[in-house]
Structures are given as C-alpha cells and as structure tokens.
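Take a look at the structure set out below.
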Amino acid sequence: MTSSPRTALLVPAGGRGRRLGGVRKQYLELLGEPVLSRALRPFLSQPFIAWIVVALPAEDAAAPPPWLINLDPRVRVVAGGAERTDSVRAALALVPAEAEIVLVHDAARPLVTAALIARVIEAAARGVAAIPVAAVEDTIKEVDASGRIVATLERARLRRVQTPQGFPRALLLAAHERARAEGVGATDDAALVERIGGTVLAVEGSPENIKITSAHDLLVAEAILRGRGA
C-alpha cells in the first residue's frame, strides 16, 4: 500500500471464560504479558490506526486494568454487551465518521502480524469487507443431534475464518444497524455484511494466527512466540 486509510480497531473482549473454567482468557498471561495486551501490540505499532476501542465486561470497563489504559493514548474502553455483536456495536459507536476502515479483532488472538493486518486493510480499502482465512486440513463431517454422520463436506471449499476482519466504516455500520433492527446476532461481523448483500473477500490468513480457547492453545502460542524470539 502506498498510503494507508485512517483506521479504527475494535476489540470485543467481553468474554467470561466459560471454556476456561471462569478464567477470562483475555487476561491470561502469555510469556508474562496478558493475552489482550499481546493482541493489541501489532496494531499499536501502526501509525495509521488512529482509534482503538476495547469492549470489556461492564464491571471491568468501570475499573479497567491499569496496564490496559496505560498501554497507548489511542486506547479507549467501553462496556460490552451480553453477546459479541453487542460488544462490537458498543465499540463501533465510539468510532468517528472520519474513520475510513474499521478492523474487528478477537482479543484472544495474540499472534497476528503486521503483514496480515496490511493485507486486510488493503482489501477493505477497495470498498468491501475483507477477512483472513486459512485452509481446512482435516476432513469435516456434518453430524445430527443423535451423533449420526449425515454428510462429508467438500474440504477444498471450506476455510477457517480469522481476525482482524476489515470493513469500510459505513458498510459495517449499516450491517450492524440492520442486525439490531432485526434482532440478529452473529459469531463474526462478516456474516452481518453478508446478510445485507455486501461483498466479503477472503485474504490469506496465517496458521500461526490462532485463537486462545484452551490451555493447550496457550502452550502452542508460547511455542510460536519463542520461535519468533519473544
């Protein structure tokens, strides 16, 4: 990219650790630093990212961790909602109209790279939604409620979706406004854009851009960081 559009970063970090026994994964330490802090650092190094809004559980937003509010002057904190879509919407409300691109990144993805961020922004700057994806390496089966296999899906056409996802601000705002009006939620924002007929492009993700959802993921993330010399 010869020049980068003014960009806002939204980080829904309202998870309550249901998969980790009540421990909020965004606060878990990864080689001595909170996962959320590591997830933010690759974005903090990009000068074209002018706004960063982190949506925390309401009780945490009222008294944010000092390490978070002191991380960078661009970081603002907002109270998230009951669902991920609610948290993104709350964060999006703080993004000014002059933002051209909005990125949405999982708080539990601490291994994103500057190169991946650049790919997403470059695609989104074309006026479409852009999401990083990775190939599916395992065979995927569809299973019914009784545990019976009902279909084997065509692996070549399947992708694992990652973040950050990038959007023109107006497109993401329109998608969320429609979702709110219709009472619809989603596990990722690209799905909301798809619902209103917006174009979503896949860009190359990274096998290292894992999401921390278990203790095993922490071990893998530690190994990757050590391999990078962290």
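The values are calculated or read from the model by the stated rules, or taken from the named source; none is laboratory data. Predicted model only: the values in this text are computed from it and were never measured. Virtual Cβ from ideal backbone geometry, glycine too; neighbours counted across all protein chains shown.
Candidates Ala91, Ala123, Ala97, Ala107: the one that is hydrophobic (A, V, I, L, M, F, W, C), touching a residue at least 24 places away in the same chain (Cβ under 8 Å), exposed (fewer than 15 other Cβ atoms within 10 Å of the Cβ) and not in a strand (DSSP E or B) is Ala97.
Within the option set Ala50, Ala91, Ala8, Ala39, being under 21 Å from Ile210 (Cα atoms) and modelled with pLDDT of 95 or more holds for one residue only, Ala39. Just give me the residues in region 148-169 being small (Gly, Ala, Ser) and modelled with pLDDT of 95 or more, in sequence order. Answer for region 148-169, where residues must be small (Gly, Ala, Ser) and modelled with pLDDT of 95 or more: Ala151, Gly166.
Candidates in region 138-149 are the residues that are closer than 29 Å to Pro207 by Cβ and of a type in the set (A, V, I, L, M, F, W, C); of these, the one that is surrounded by the most Cβ atoms within 10 Å (Cβ to Cβ) is Ile140. The set of residues in region 106-129 that are within 13 Å of the chain's Cα centre (by Cα) and of a type in the set (A, V, I, L, M, F, W, C) comprises Ala107, Ala108, Leu111, Val112, Leu116, Ile117, Val120. Yes or no: Glu137 free of Cβ contacts under 8 Å to residues at least 40 places away in the same chain and in a helix (DSSP H, G or I)? Spelling it out, it is not the case that Glu137 is free of Cβ contacts under 8 Å to residues at least 40 places away in the same chain and in a helix (DSSP H, G or I).
Reported count of residues in region 169-209, each being surrounded by fewer than 20 Cβ atoms within 10 Å (Cβ to Cβ) and more than 16 Å from Ala129 (Cβ to Cβ), is 9. Residues in region 200-220: is at least one under 23 Å from Arg89 (Cβ atoms), under 15 Å from the mean Cα position of the chain (by Cα) and not in a loop (DSSP other than H, G, I, E, B)? No: zero hits.
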